[in-house]
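Encoded as structure tokens, the structure appears first; notes follow it.
Taken together, the values in this text are just the output of simple stated rules run on the coordinates, not laboratory data. Being a predicted model, the structure only gives us computed values, none of them experimental. Neighbour counts run over all protein chains shown; Cβ positions are idealised from the backbone, glycine included.
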Amino acid sequence: MSAVLPLSSSNSGNSAVSTVSSVPSAMEQILQVEALSVSFDGFKAVDALSLSIHRDELRVIIGPNGAGKTTLLDMICGKTRPTSGSVRFNGRELVGLPEHEIVRAGVGRKFQTPSVYEDLTVMENFEISIPGKQDVLGSIFFRRKAHVLERIHAVAQEVFLQSMLHQRAGRLSHGQKQWLEIGMLLIQSPELLLLDEPVAGMSPREREQTGDLLRRISRGKSVIVIEHDMDFVKRIASKVTVLHQGRLLSEGSAAQVQSDPRVIDVYLGH
Ligand code: ADP
Ligand code: MG
């Protein structure tokens, strides 16, 4: 079981207790991307891309630089508006929704470079990430509640920062900042996490720990992670999607895509 406990919040459709009429299933699709495209000045960065992610799935997306990996995440989280196509999350169309609505629907996004508040402590970074604060006073009251503190401690432990709660975030290592940012997402109890190169700049030991962390998170949530390091990919991946020039090149287990001649040709052979 995940160490992360659900926190009642303003997140809609994000309850740990399923009350929907459909039968919950491990194979239920949580995200369906269909024929998604975006052009920048006529250049197709993502081109008629379709993929789907199941509940409890940890999906790795790989591909050469410029393949459209980051742009795909940008479209899922509402940062970039697609030219055409659809992104359905729990059956709901996300295309056209503002970013904060997509966050509220249960999609959490981590960008390529860690963005934590360096002057605040680890604890304070977690506190400001907790959803459901109405105003400053409500926020202070809310933060002091025992269950909030419990929740912060559980998340801090999950991301290996339990002994760092009172450190200034600026003093963390690059890898620890990546973990803090993952924790800041977890505290919002997303159903789907989008992580763009979360092990970049990490030591081998930190990578190993992050692999364990991602596997743990994906039990009960879905995770899409963009990664380059094939050793890391092999260790964590259940299924790998390979993008090339904005299109889906190959999909399968790490072993399958690694032996796919098309993948070797455009990506792994170099
Ligand atoms: P990846 O993450 O796979 O390395 P990106 O998704 O960042 O690739 O970029 C895919 C392509 O789209 C690249 O050629 C990039 O230069 C281009 N691109 C991405 N965002 C923009 C933008 N806002 N304006 C113009 N071109 C962009
Ligand atoms: Mg990228």
Next item on the list: Report the label-to-label distance for ASP265 and SER253 in nanometres (one decimal), using points 7 Å from each Cα along the Cα→Cβ vector.
Entry: 2.5 nm
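Just subtract the alpha-carbon distance of HIS54 and ARG235 from 0.36 nm times their residue separation and send over the number in nm, one decimal.
Values: separation 181, 0.36 × 181 = 65.16 nm, distance 1.94 nm.
In short, 63.2 nm is gained.
What net charge is computed for the residues neighbouring GLN157, neighbours being all others with C-beta under 14 Å from the C-beta of GLN157, Lys and Arg scored +1, Asp and Glu -1?
-1
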Next item on the list: Any chance you could check the Cα centroid distance between region 64-135 and region 145-223 for me, in angstrom?
Entry: 16 Å
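What is the local net charge at ARG168, summed over the other residues whose Cβ is closer than 11 Å to its Cβ (Lys, Arg +1; Asp, Glu -1)?
Values: positive: ARG171; negative: GLU118, ASP119, GLU124.
Here the charged neighbours net out to -2.
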Check: Using θ = phi - 60° and the Karplus curve 6.51 cos²θ - 1.76 cosθ + 1.60, what whole-Hz ³J(HN,Hα) does each residue of region 222-232 get, with Gly and Pro shown as x?
Finding: 10, 10, 10, 10, 8, 8, 9, 6, 5, 5, 5
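In nm, what is the difference between 0.36 nm times the number of residues separating ARG219 and THR83 and their Cα-Cα distance? Can you show the working numbers first?
Working: separation 136, 0.36 × 136 = 48.96 nm, distance 3.32 nm.
Between ARG219 and THR83, full extension yields an extra 45.6 nm.
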Item checked: Size of charge dipole - region 29-268 - debye, nearest 20, with Cβ of Lys, Arg +1 and Asp, Glu -1, no other charges -> 460 debye
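May I ask for the net charge around ARG235, where only other residues with Cβ less than 11 Å from the Cβ of ARG235 are counted and Lys, Arg are +1 while Asp, Glu are -1? Each step should come with its number before you reach the end.
Numbers: positive: ARG207, ARG215, LYS234; negative: GLU208, ASP212, GLU227, ASP229, ASP231.
Local charge sum for ARG235: -2.
Listed here are the pairs LYS110/LYS234; LYS79/LYS239; LYS69/LYS145; which of them are more than 32 Å apart at the Cα? Kindly include the intermediate steps, with their values, before the conclusion.
Numbers: LYS110/LYS234 21 Å; LYS79/LYS239 25 Å; LYS69/LYS145 40 Å.
The answer is LYS69/LYS145.
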Next item on the list: Give a residue-ordered list of calculated ³J(HN,Hα) values for region 99-112 (Karplus: 6.51 cos²θ - 1.76 cosθ + 1.60, θ = phi - 60°; whole Hz; x for Gly, Pro).
Entry: 3, 5, 5, 5, 4, 5, 6, x, 10, x, 10, 10, 7, 5
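Kindly identify region 149-236 as rounded, prolate or oblate by the Cα gyration tensor criterion: order the square roots of the eigenvalues as a ≥ b ≥ c, call it rounded if a/c is under 1.5, otherwise compare a/b with b/c, prolate if a/b is larger, else oblate.
Numbers: a/c = 1.93, a/b = 1.22, b/c = 1.58.
Taking the square roots of the gyration eigenvalues as a ≥ b ≥ c, region 149-236 is oblate.
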Check: In percent, what relative contact order does region 39-195 have, based on Cα pairs under 8 Å that are 6 or more apart in sequence?
Finding: 26 percent
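At a Förster radius of 30 Å, what calculated FRET efficiency corresponds to the Cβ-Cβ distance of HIS100 and GLN157, to the nearest 0.05? Show your work: numbers first, answer last.
Details: r = 28 Å, r/R0 = 0.94.
About 0.60, to the nearest 0.05.
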